[in-house]
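Enquirer: Quick one: the structure is below, and I'll ask about it shortly.
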Amino acid sequence: MGFMQGKRALVVGVASDRSIASGIAEAMAREGAELALTYQNDKLRDRVQEIAARTGSQIVLPLDVAEDAQIDAVMQAIGSRWSSIDVIVHSVAFAPREQLSGSYVDTVTREGFKLSQDISSYSFVALAKAARPMLRPGSALLTISYLAAVRTLPNYNVMGPAKASLEANVRFMASDLGPDGIRVNCISAGPIKTLAAAGIGGMRTMLHYMEKTAPLRRGVTIEEVGNAAAFLCSDLAAGITGETLYVDGGYHVIGMSPD
């Protein structure tokens with residue numbers, strides 16, 4: 001019996017079998033969780049349905065997290081099938097492509113800043129607000145961040161402040177929801193070749209640098225992030241909330257490479 005047996009998990013942000021959300025869904029399904037998956041648009045629907053078939057998910061729904069009406073519709077659809085939600089995984093981020101290369105000060109715009117904050121950070125608390133009637137003591141919420149929340153990294157630009165905002169969201173949500181027995185945590189994953197990462201200038205260089213300098217001398221996989229996510233959302237982590245767990249091969253502890 002898996003350590004998530006009997007848990008019902010909503011996983012938001014699956015885009016392909018290379019996405020972090022896919023690795024999380026696979027790990028949670030392996031450990032016995034029943035899944036509901038969402039897809040952003042019709043272009044991604046078939047990919048997500050394939051992952052749903054692989055993980056045994058019977059609920060696959062469209063969801064653009066920028067639209068409150070769509071968030072409410074997803075919660076209503078899930079509520080017609082499930083009496084409660086044990087886990088919500090938020091693996092969503094976006095910024096205009098043209099703002100993810102070059103100088104931050106030169107490229108950032110008011111609209112791009114607002115959009116990245118809305119999609120990448122606010123949508124996490126929006127999901128929690130809409131799902132709150134179905135959350136219960138023992139429920140766990142999880143989101144995905146990156147080192148640029150606390151360090152500057154070339155080309156990540158406007159997404160750095162968005163991830164910093166997201167991690168602050170985790171702390172405030174953990175404080176608010178904790179008295180109801182609901183936990184809120186975050187995983188800061190190392191760079192992974194996902195669809196989203198493909199739009200960030202210099203991502204290949206970041207991956208190469210991590211393989212040369214991280215304590216483990218390698219990158220991380222969606223499977224490793226998935227395993228950590230399953231742990232954080234299970235009863236094994238019942239005493240952990242408001243935390244950002246780094247799954248990056250130890251890269252975040254390095255000040256200067258020994259080489």
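Values in this text are rule-based calculations from the coordinates and carry no lab data. This is a predicted model, so every value here is computed, not measured. Neighbour counts run over all protein chains shown; Cβ positions are idealised from the backbone, glycine included.
Enquirer: Explain nothing, just the number: relative contact order of the range 8-249, from Cα pairs under 8 Å at least 6 residues apart, as a whole percent. Let's see the in-between values first.
Expert: On the way: 483 pairs, mean separation 53.3, N = 242.
RCO, the range 8-249: 22 percent.
Enquirer: Continuing with this model, one more query. Taking all pairs of different Cα atoms in the chain, averaging 1/r and flipping that mean, what Kirkwood radius in angstroms comes out? Intermediate values should be presented prior to the final figure.
Expert: Working: mean 1/r = 0.0544 Å⁻¹.
Radius from the Kirkwood sum: 18.4 Å.
Enquirer: How large is ³J(HN,Hα) for each residue in the range 127-133, as worked out from phi by the Karplus curve 6.51 cos²θ - 1.76 cosθ + 1.60 (θ = phi - 60°), to whole Hz, x for Gly and Pro?
Expert: 5, 5, 4, 5, 8, 3, x
Enquirer: Given ILE24, PHE94, LEU63, which one lies farthest toward the positive end of the charge dipole of the range 1-106, if we put +1 on the Cβ of every Lys and Arg and -1 on the Cβ of every Asp and Glu?
Expert: The residue sitting most towards the positive pole is ILE24.
Enquirer: For the Cα atoms of the chain, what angle does the longest principal axis make with the long axis of helix 20-30, in degrees from 0 to 90, nearest 10?
Expert: 40
Enquirer: Taking the chain as the reference, fit the longest principal axis to its C-alpha atoms, fit the long axis of helix 159-177 to the helix C-alpha atoms, and give the angle between the two in degrees, 0 to 90, nearest 10.
Expert: 40
Enquirer: Please report, in debye to the nearest 20, how large the charge dipole of the chain is about its Cα centre when each Lys and Arg carries +1 at its beta carbon and each Asp and Glu carries -1 there.
Expert: Details: 24 positive and 26 negative charges, 45 e Å.
Roughly 220 debye, rounded to the nearest 20.
Enquirer: Based on the mean of other Cβ atoms within 10 Å per residue, sort peptides 73-84, 32-43 so the most packed one is first.
Expert: Numbers: 73-84: 14.3, 32-43: 19.3.
In descending order of packing, they fall as 32-43, 73-84.
Enquirer: Also: Hey, in the GNM for the chain with a 10 angstrom Cα cutoff, which one of VAL60, VAL108, VAL48 fluctuates hardest?
Expert: VAL108
Enquirer: Per 0.36 nm of contour for each residue apart, how much would the distance between ALA77 and ALA164 grow if the chain were fully extended, relative to their Cα-Cα spacing? Before the final figure, lay out each step's value.
Expert: Working: separation 87, 0.36 × 87 = 31.32 nm, distance 3.17 nm.
Result: 28.2 nm gained on full extension.
Enquirer: Around VAL74, with a cut-off of 15 angstrom between Cβ atoms, what is the net charge of the other residues, counting Lys and Arg +1 and Asp and Glu -1?
Expert: On the way: positive: ARG8, ARG45, ARG81, LYS129, ARG132; negative: ASP64, GLU67, ASP68, ASP72.
Around VAL74, the surrounding residues sum to +1.
Enquirer: For VAL184, list long-range residues whose amide hydrogen, built 1.01 Å from N in the peptide plane, is under 5 Å from its own amide hydrogen.
Expert: Amide H neighbours of VAL184, under 5 Å, 5+ apart: LEU141, GLY242.
Enquirer: As a test of the definition: which semi-axes, in Å, follow for the range 1-143 when you take the square root of five times each eigenvalue of its alpha carbon gyration tensor? Largest first, please.
Expert: Details: eigenvalues 155, 58, 38 Å².
The equivalent ellipsoid of the range 1-143 has semi-axes of 28, 17, 14 Å.
Enquirer: Then there's this: Show the residues, 5+ positions off or on another chain, whose built amide H is closer than 5 Å to the amide H of TYR39.
Expert: LEU61, LEU63
Enquirer: Measure nothing fancy, just the Cα-based angle from helix 68-79's long axis to the longest principal axis of the chain, in degrees from 0 to 90, nearest 10.
Expert: With rounding to tens, the tilt is 40 degrees.
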